[in-house]
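Below: one structure, written as structure tokens.
Taken together, the values in this text are just the output of simple stated rules run on the coordinates, not laboratory data. Remember, it's a predicted structure, so these values are computed and weren't measured experimentally. Glycine gets a Cβ as well: all are built from the backbone with ideal geometry, and neighbour counts include every protein chain shown.
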Amino acid sequence: MKLQGKTAIITGGSRGIGKAIALEFAKQGCNVMINYARNDDAARACEEEIKNLCSGRAHPVKTYLAKADVSKYEEAKEVVSQAISFFGRVDILVNNAGVVSPALLAKMEVSQWHKVIDIDLHGTFNMTHNLINHMIENKGGRVINISSLYGQTGAFGQCNYAAAKWGVVGFTKSLALEVAKHGITVNSIAPGAVDTDMVRSGNEKFLQMYIDSNPMKRLADPAEIAKIALFLATDATYTTGEVISANGGSRT
């Protein structure tokens, strides 16, 4: 198995893209820390699914549930500390935790701006900043940041989200330059609309417009994004500072 004996922290790992990545990594023998912010039931269900998926193996996959708000630096620090203490080392970080709070900028509440920036961008910094020295000491690691198509194109009513996700791209490219000499790769995945609870909870009219304009006429399956994350965590040994688009050909 490609990730046998490795350990990954996945933020926002109990649902949607994060859950799909957790399941894919676990199938490949990877121990997983599932970070989540609120939904205890979803986190436990994800952990149970991993245990059922990996039962009977000679080398069982270890899991750990870490409830924390990664937009808060000290909570992110505690997540990393718990992971290192429980697993011994961390090889992969997937910065997936994210939210949307759409509104026209002229009508956007200041709290809406800060909520999205704090979780989507600051959360990526908080987790990576607390873990990167551990990876440097271990002379290797993989950082995978989930950005968005809208971080590249912008989106109507999404100034906060687009700004945060474009920030993730700049963070990815800059950090990749800093840590390549330590055997660490840093890459980003930029999905279009993915069939998750977060996307489905949005405006149905705009969602249908996206599907109608998409060359493939559908949303992405979270498992399709997880396959890209698996590639970046394993075979992409000479790929760093890159943004891999997964949007079905969408340009808007």
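Sequence-distant or interchain residues sharing an amide H contact under 5 Å with GLU242, placed H: which?
SER188
For ILE184, ILE144, ILE117, what's the fewest-to-most ordering of other Cβ within 10 Å of each Cβ?
ILE117, ILE184, ILE144
For the stretch 7-245, calculate the relative contact order in percent as a whole number, restricting contacts to Cα pairs under 8 Å that are 6 or more residues apart.
Relative contact order here is 20 percent.
What does the charge dipole of the chain about its Cα centre add up to, to the nearest 20 debye, if the Cβ of each Lys and Arg holds +1 and the Cβ of each Asp and Glu holds -1?
Taking the Cα centre of the chain as origin, the dipole is about 380 debye.
Taking Cα centroids, how far is the stretch 18-32 from the stretch 185-252 in Å?
Comparing the Cα centres of the stretch 18-32 and the stretch 185-252, I get a distance of 18 Å.
Of LYS51/LYS165; LYS107/LYS173; LYS2/LYS139; LYS72/LYS139; LYS67/LYS227; LYS19/LYS205, which sit over 30 Å apart, Cα to Cα?
LYS51/LYS165; LYS107/LYS173
For LYS67, list long-range residues whose amide hydrogen, built 1.01 Å from N in the peptide plane, is under 5 Å from its own amide hydrogen.
Counting only residues 5 or more places away or on other chains, the set is TYR36.
With axes computed from alpha carbons, what is the tilt in degrees of helix 40-54 against the longest principal axis of the chain, rounded to the nearest 10 within 0 to 90?
With both axes taken from Cα atoms, the answer is about 50 degrees.
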